[in-house]
Amino acid sequence: MEEIFVTERIRTLVPAIRSFVETELIPLELHHRERGGKATEALLQQKRQLVKDRGWWNLHLPEKEGGMGLTLCEFGQVSEVLSLAPYYGQYTFNCQAPDIGNTELLVRFASAEIKEKFLHPLLEGKIRSCFSMTEPAMPGSNPVRLGTTAVREGDQYVINGTKWFTTGADGAAFTIVMAVTNPDAAPHQRASMIVVPTDTPGYERVRNIPVFGEEGEGWASHSEVQFTNCRVPASHLIGEEGMGFRLAQERLGPGRIHHCMRWVGIAEKAFDLMCRRAATREMEEDVLLGQKQFIQGFIAESRVEIDASRLLVLRTAHHIDLRGAAQCREEIAGIKFYVANMFLRVLDRAIQVHGAMGLTDDTLLANLYQHERGARIWDGADEVHKQSLAIQILKRYGLDVKKKNKLS
C-alpha cells in the first residue's frame, strides 16, 4: 500500500479485512460456476453476519448512517482488498454495485420518507436495489438523451419507457429510474430520479441480458426492464425535479473510484495467478515458462501498470475528498479509461500465460474476462472520457473544439 495514503485506521483495517477475505471468501471460488449466483447469494448471508459482528458493515458510509466514516481514499484501499474475492467481497460487505451508489445517493439527497422506506432496509442488508438509466434506443454514454418519461398527474408520476443493463434488477426490491420530467427545460435540467418499487404494477423485468453468452443472476446480472404506465407517489422523487443529471454526476464520480479500485484488486489477483503459472509450468525439460523473455515482459509491464493505476486512483480519490467530485472531472475521466485498459491488458496476459487452460473454467480468468470486458464501456465508454479530458485540456490553450476555426 502507498504510505502517502495510509492513515492509522487503514494501517490496521486493511490487513484485518485481507485476512478475512483470504480465509472466508476466496475458498468459496472453488465451486463458483456450478453453484450459480442465487445460491452464492444465499451462502454469503452467513459471511455477511460475520462482517456485521466485526463492525465492518457499510463501512463506506458516514458514522451517523452506521458506517465507519471512511474517506473515499480510505475506502478505495479497502475496495481493492475486497476485490481479491471478486464475486464475493463487495456483496459480503454490503458495498456492491449498484447498491453502493444508491446508498450514497439516498444518504445525501433522499427525503426522510424515502430513507425510511427504502434506504434503511438497504443498509440493513434486507433488500437489494438497482439503477435504471441506460436505454437501448439512446446513446448510453449521453445521460442527457433519454426516452423514458415521468409525467406528473396529481400526487403521482406515471412512468413509461424501456431501460436495459439495469445491474442487479434480478431480485431487487426497488430501482432508481432516471426519466424526463421537464421536456421543455434546458438539456441538463430535463430529467429527474425517482424511486420505483419493483412490485409496482407497470414495472416489468423483461429479461436478464446475456453478456458473452451468460445471463447471470441475482446481483451479478444486467436486466432489461419496462415501465408501462407505472404509477408511483410523487414523494418518491429524489431531490427536486430536473436534478437528475446533477444527481447522476454526484453518483458516478465516486462510483468510478469504486470501479477502478475494484479493477486494481482483480488485476492483482490475475497477476498472482500469472506469476504462479510462470514459476511452475514446465515448457520443456528443465525450462519453466517464467524463464522465457516474453513472459518476463508480461510480468514486468503488468507490475508497473498496476502500481501506476493504484496511485492514480488513490490520488483522484484524495482530491475528491478535498474538493468534491465536480472539481475533479478531468482526473475521474482519466482514471476511468486508463485503469480499465490496464485491467484488461493484465487479465489478457494472465490468460495467455495459462495457454488453453486460461480459456476454460479451470481458473477464474475466462469468467472474469467475460464479466469484465465491459470495463471499457460501463459508466461511459473510453472514447467519451478521452474526448472529455482532451477538450478540457485544450480549453486551457485557448481552443474551443466546438467552434470551427476560420483561417484566412
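The values are calculated or read from the model by the stated rules, or taken from the named source; none is laboratory data. In this text, all values refer to a predicted model and were calculated from it rather than measured experimentally. Cβ atoms come from the backbone with ideal geometry, glycine included; neighbour counts cover every protein chain shown. The accessibility values were calculated without ligands, DNA or RNA, using every heavy atom of the protein model including side chains. Shrake-Rupley method; radii C 1.70, N 1.55, O 1.52, S 1.80 Å.
With runs of 4+ DSSP H residues as the only contributors, calculate the mean residue ellipticity of the chain at 222 nm using -39,500 (n - 2.57) per run, divided by the residue total and rounded to the nearest 500. Present the calculation step by step, with values, prior to reporting the outcome.
Numbers: 12 runs with 179 residues, N = 408.
After summing the helix terms and dividing by residue count, I get -14500 deg cm²/dmol.
Given a Förster distance of 60 angstrom, what is the FRET efficiency for Asp199 paired with Asp307, based on the Cβ-Cβ distance and rounded to 0.05? Display every interim value, and only then the final one.
Working: r = 47 Å, r/R0 = 0.78.
For Asp199 and Asp307, the calculated efficiency is 0.80.
Take the Cβ atoms of Lys52 and Asn182, set R0 to 51 Å, and the FRET efficiency comes out at 0.75.
What is the list of residues in the stretch 170-205 whose amide nitrogen lies under 20 Å from a point 7 angstrom out from the Cα of Ala112, following Cα to Cβ? Answer for this model: 195.
Would you work out what percent of the accessible area of the stretch 312-408, with all protein chains in place, is carbon or sulfur (probe 1.4 Å)? After summing per-atom areas, the C and S share lands at 53 percent.
Each listed q (0.19 Å⁻¹) maps to a log10 I(q)/I(0) for the stretch 147-211, found by the Debye formula over equal Cα scatterers with no solvent: -0.78. Model label points for Ile393 and Asp362, set 7 angstrom from Cα along the Cα-to-Cβ axis, are 4.4 nm apart.
Over 28 Å between Cα atoms, which of Lys47/Lys163; Lys64/Lys126; Lys47/Lys117; Lys52/Lys115; Lys38/Lys117 qualify? Please report the intermediate quantities before stating the final value.
Numbers: Lys47/Lys163 33 Å; Lys64/Lys126 19 Å; Lys47/Lys117 26 Å; Lys52/Lys115 21 Å; Lys38/Lys117 25 Å.
Correct reply: Lys47/Lys163.
Across the chain, the relative contact order, built from alpha-carbon pairs under 8 Å that are at least six residues apart, equals 14 percent. Each Cα pair under 8 Å and six or more residues apart adds its separation to the average, and for the stretch 61-118 the resulting relative contact order is 18 percent. Note on the chain: semi-axes of the ellipsoid equivalent to its C-alpha gyration tensor, largest first and rounded to whole Å, are 35, 26, 21. Between the stretch 136-177 and the stretch 270-326, the alpha-carbon centres lie 39 Å apart. In straight Cα distance, which lysines are under 16 Å from Lys395, not counting same-chain residues fewer than 8 positions off? The reachable lysines, counting only those whose Cα sits under 16 Å from Lys395, are Lys386, Lys403, Lys404. Only alpha carbons enter this Debye calculation for the stretch 202-298, each as an equal point scatterer, and the log10 of I(q)/I(0) it gives at q = 0.16 Å⁻¹ is -0.99.
Which shape class, rounded, prolate or oblate, goes with the stretch 322-408 when its Cα gyration tensor gives a ≥ b ≥ c as root eigenvalues, a/c under 1.5 marks rounded, and past that a/b bigger than b/c marks prolate? Could the numbers behind the result be given before it?
Working: a/c = 3.91, a/b = 2.44, b/c = 1.60.
In terms of gyration-tensor shape, prolate.
For the chain, the solvent-accessible area works out to 46 Å² per residue, with a probe of 1.4 Å and every protein chain left in place.
Taking label positions 7 Å along the Cα-Cβ direction at both Thr280 and Val144, the computed distance is 5.4 nm, reported to one decimal. The stretch 203-255 and the stretch 50-69 have Cα centres separated by 25 Å.
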